[in-house]
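Notes for the one structure printed next.
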Amino acid sequence: MTSFKAPKGTYDLIPPRSADYLAVREALSAPLRRAGYGYTETPGFEQVELFARGVGESTDIVTKEMYTLTTKGGDELALRPEGTASVLRAALEASLHKSGNLPVKLWYSGSYYRYERPQKGRYRHFSQVGAEAIGAEDPSLDAELVILAHDAYRSLGLRDFRILLNSLGDKECRPVYRAALQEFLRRLDLDEDTRRRVEINPLRVLDDKRESVQRQLTDVPMMRDHLCEACKSYHEQVRELLTSAGVSYEDDPRLVRGLDYYTRTTFEFVHDGLGSQSAVGGGGRYDGLSEMIGGPALPSVGWALGVDRTVLALRAEGIELELPAATDVFAVPIGDEARRALFRVVTELRRDGVAADFAYGGKGMKNAMKSADRSGARFALLAGERDLAQGVAQLKDLHSGEQTAVPLDRVVAEVAGKLR
Ligand code: ATP
Ligand code: MG
């Protein structure tokens, strides 16, 4: 035993449960890969400034949750708290937006770090699958992303999730609304922190979970009533496209991603079996972000889905994923000669695409058979001196108990046939 433990707010993925995480990452990204999104990987850390600008100085992520460090060379870096700013940075750096082929569609998957108060569904190290469609303003693109996330959750068998949808307006109508909102909020009874938020990032106040705040927001002005004609029509088209794809959603006029460069379409996927950490994924349009990090105007839309919370959602719904067997054949040699012969067969099986494992460590027969059972293998492959003298091994079906002698050079073909 070691006295070291995984750091606070983190946990390890270990078998057998780790298989669910792999399958979830695979399922969340599969619809993207079928929709023209290309795989992207960026470093686990970036310049602090990228996130300060690309996530926003006034967000919880930047003010409280970021892991920052100064390198020996004096660079100010941060472990990435989210993916969008990095992926956009990478696309701009590689000039993908100049390819003449917009939108640039990218997907990613990886670890993210936030210094949060750990609780169920809220960790300091967690995992997301994300997608960004960069450089096009088209309601079909917004709809596409919502549909792909919806289909990804559905492919896992999830049902108890809802899609919340809103529009945050654009640079025409948003400032007018922002001013009206501030005027309303300034008249309320709010603590000092919240009053400061009213001045820097008033939309975020709508998102305040405290009852003392929510109670005062009954008559708060809504973005919905301030949308300009262009935003109204854009949002209506997104809604129609979702409806005709059979994706139901709820209009949530209070849903915000409270940054100035988040625009128009905003959405969140919430799961009703997760308690207070109910958001399994979220995203929206961020037409101003590229300019915020020094790029050209590039209207874009994206989302990030939480892998950890998606796994919790599966458990909440009692869904067992159907995963391919980790081991199909488990070889149990009796004696040194059999050890060499079966090791050769196991190598051949693996080369032929059959998942095969071996009783290592000179275990006795009884122990070795226990390992075979524990491996979940469909077949055990046994051989002792007498079998070898006849050039065979015993292939035992662990489900039916049926056992047949198979010539050593026929094992691969025989197993492949039976598994098919
Ligand atoms: P929350 O409101 O729960 O803090 P968020 O708005 O900070 O979520 P996003 O930044 O939109 O979340 O990230 C997208 C998804 O990543 C979330 O919907 C969630 O599933 C997941 N996620 C975010 N933070 C964490 C965390 N600390 N631990 C586990 N998953 C997380
Ligand atoms: Mg958060």
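What follows draws every value from the coordinates through simple rules; no lab data is involved. Computed from a predicted structure; not experimentally measured. All Cβ positions, glycine included, derive from the backbone under ideal geometry; neighbour counts span all protein chains shown.
Just check region 121-276 against the gyration tensor rule for me: Cα atoms, a ≥ b ≥ c as the square roots of the eigenvalues, rounded for a/c under 1.5, and otherwise prolate or oblate depending on whether a/b exceeds b/c. Kindly include the intermediate steps, with their values, before the conclusion.
Numbers: a/c = 1.98, a/b = 1.33, b/c = 1.49.
Judged from the Cα gyration tensor, region 121-276 comes out oblate (a/c at least 1.5, b/c at or above a/b).
Can you pick out the pairs among Lys5/Lys366; Lys5/Lys209; Lys370/Lys396; Lys5/Lys370; Lys72/Lys120; Lys171/Lys232 whose Cα atoms lie more than 24 Å from each other?
Values: Lys5/Lys366 35 Å; Lys5/Lys209 33 Å; Lys370/Lys396 14 Å; Lys5/Lys370 30 Å; Lys72/Lys120 36 Å; Lys171/Lys232 13 Å.
Lys5/Lys366; Lys5/Lys209; Lys5/Lys370; Lys72/Lys120, as the Cα separations exceed 24 Å there.
How large is ³J(HN,Hα) for each residue in region 34-39, as worked out from phi by the Karplus curve 6.51 cos²θ - 1.76 cosθ + 1.60 (θ = phi - 60°), to whole Hz, x for Gly and Pro?
7, 10, x, 8, x, 5
Does region 329-419 classify as rounded, prolate or oblate by the C-alpha gyration tensor (a ≥ b ≥ c root eigenvalues; a/c under 1.5 gives rounded; else a/b over b/c gives prolate, otherwise oblate)?
On the way: a/c = 1.28, a/b = 1.05, b/c = 1.22.
Taking the square roots of the gyration eigenvalues as a ≥ b ≥ c, region 329-419 is rounded.
Along the charge dipole of the chain, Cβ charges K/R +1 and D/E -1, which of Ser18, Met1, Ala90 sits furthest on the positive end?
The residue sitting most towards the positive pole is Met1.
Quick check: residue separation of Ala230 and Lys363 times 0.36 nm, minus the Cα distance between them. What number comes out in nm?
Working: separation 133, 0.36 × 133 = 47.88 nm, distance 7.30 nm.
Separation in residues times 0.36 nm, less the Cα-Cα distance, equals 40.6 nm.
Out of all DSSP beta bridges in the chain, what portion is antiparallel? Express it as a percent rounded to 5. If you can, show how the numbers build up before the last one.
Working: 51 of 63 bridges.
Counting only bridges with both partners in the chain, antiparallel ones make up about 80 percent.
Of the peptides 237-247, 107-117, how do they stack up when ordered by the mean number of other Cβ atoms within 10 Å, highest first?
Numbers: 237-247: 15.3, 107-117: 18.4.
With the highest mean Cβ count within 10 Å placed first, the list reads 107-117, 237-247.
Charges at C-beta only: +1 for Lys and Arg, -1 for Asp and Glu. How large is the resulting dipole of the chain about its Cα centre, in Debye rounded to 20?
Numbers: 57 positive and 62 negative charges, 243 e Å.
Roughly 1160 debye, rounded to the nearest 20.
Quick one: of the DSSP bridges fully inside region 329-419, what percent are antiparallel, nearest 5? Show your work: numbers first, answer last.
Working: 9 of 17 bridges.
In region 329-419, approximately 55 percent of DSSP beta bridges are antiparallel ones.
Give, in nm to one decimal, the length gained when the segment between Lys5 and Arg34 is fully stretched (0.36 nm per residue of separation minus the Cα-Cα distance).
Numbers: separation 29, 0.36 × 29 = 10.44 nm, distance 3.99 nm.
Stretched fully, the Lys5-Arg34 segment lengthens by 6.5 nm.
Which of Pro175, Pro139, Pro81 ends up with the largest GNM mean-square fluctuation for the chain, with Cα atoms connected below 10 Å?
Pro175
What does the charge count around Val238 come to, taking other residues whose C-beta lies under 12 Å from its C-beta (Lys +1, Arg +1, Asp -1, Glu -1)? Before the final figure, lay out the partial values.
Values: positive: Lys232, Arg239, Arg264, Arg285; negative: Glu137, Asp138, Asp142, Glu144, Glu236, Glu240, Asp251.
Neighbourhood net charge equals -3.
Using modelled backbone amide H atoms (1.01 Å from N, in-plane), which distant-in-sequence or interchain residues come within less than 5 Å of Met66's amide H?
Long-range HN contacts for Met66: Tyr115.
Can you list the HN-Hα couplings for region 46-55, worked out from phi with the Karplus curve (6.51, -1.76, 1.60; θ = phi - 60°), rounded to whole Hz and with x for Gly and Pro?
For region 46-55, the Karplus curve yields 9, 4, 3, 4, 4, 6, 4, 7, x, 10 Hz.
Name the aspartates and glutamates eligible as straight-distance cross-link partners of Lys363: C-alpha to C-alpha under 12 Å, and not fewer than 8 places from it in the same chain.
Asp336
Can you give the FRET efficiency to the nearest 0.05 for Glu192 and Ala326, using r as the Cβ-Cβ distance and R₀ = 60 Å? Spell out each step's value before the answer.
Details: r = 56 Å, r/R0 = 0.93.
Computed FRET efficiency for Glu192 and Ala326: 0.60.
Taking the Cα-to-Cβ direction at Glu317 and at Leu69 and moving 7 Å from each Cα, how far apart do the two end points lie in nm?
Taking the simple label geometry, Glu317 and Leu69 are separated by 3.8 nm.
Just to verify a number: FRET efficiency for Gln214 and Glu116, C-beta to C-beta distance, R0 = 30 Å, to 0.05?
On the way: r = 22 Å, r/R0 = 0.74.
The calculated FRET efficiency here is 0.85.
Return the FRET efficiency for the residue pair Ser58, Glu240: r is the Cβ-Cβ distance, R0 is 35 Å, and the value is rounded to the nearest 0.05. All intermediate terms of the calculation are to be shown ahead of the outcome.
Working: r = 34 Å, r/R0 = 0.97.
The computed FRET efficiency comes out at 0.55.
Running a GNM on the chain with Cα contacts under 10 Å, which residue among Gly169, Gly391, Gly135 ends up with the highest mean-square fluctuation?
Of Gly169, Gly391, Gly135, the most mobile in the Gaussian network model is Gly391.
Taking amide hydrogens as modeled 1.01 Å from N in the peptide plane, which residues meet the under 5 Å criterion relative to Phe330, leaving out close sequence neighbours?
Asp357, Phe379, Ala380, Leu381
With an 8 Å Cα cut-off and a minimum separation of 6 or more residues, compute the relative contact order for region 270-389 in percent. Don't skip to the end; give the middle numbers.
Details: 155 pairs, mean separation 28.9, N = 120.
RCO, region 270-389: 24 percent.
Along the charge dipole of region 329-419, Cβ charges K/R +1 and D/E -1, which of Ala359, Pro333, Gly401 sits furthest on the positive end?
Working it through, the farthest residue towards the positive pole turns out to be Ala359.
Go through region 290-300 residue by residue and turn each phi into a ³J(HN,Hα) via Karplus (6.51, -1.76, 1.60, θ = phi - 60°); whole Hz please, and just put x for glycine and proline.
4, 5, 4, 9, x, x, x, 5, 9, x, 8
Of the options Ile134, Leu164, Val176, report the single residue whose Cα projects farthest towards the positive end of the charge dipole of region 112-198 (beta-carbon charges: Lys, Arg +1; Asp, Glu -1).
Leu164
Long-range amide H contacts for Val280: which residues qualify at under 5 Å (H placed 1.01 Å from N, peptide plane, sequence gap of 5 or more or a different chain)?
Under 5 Å from the amide H of Val280 lie the amide H atoms of Phe269, Val270, His271, each far enough along the sequence or on another chain.
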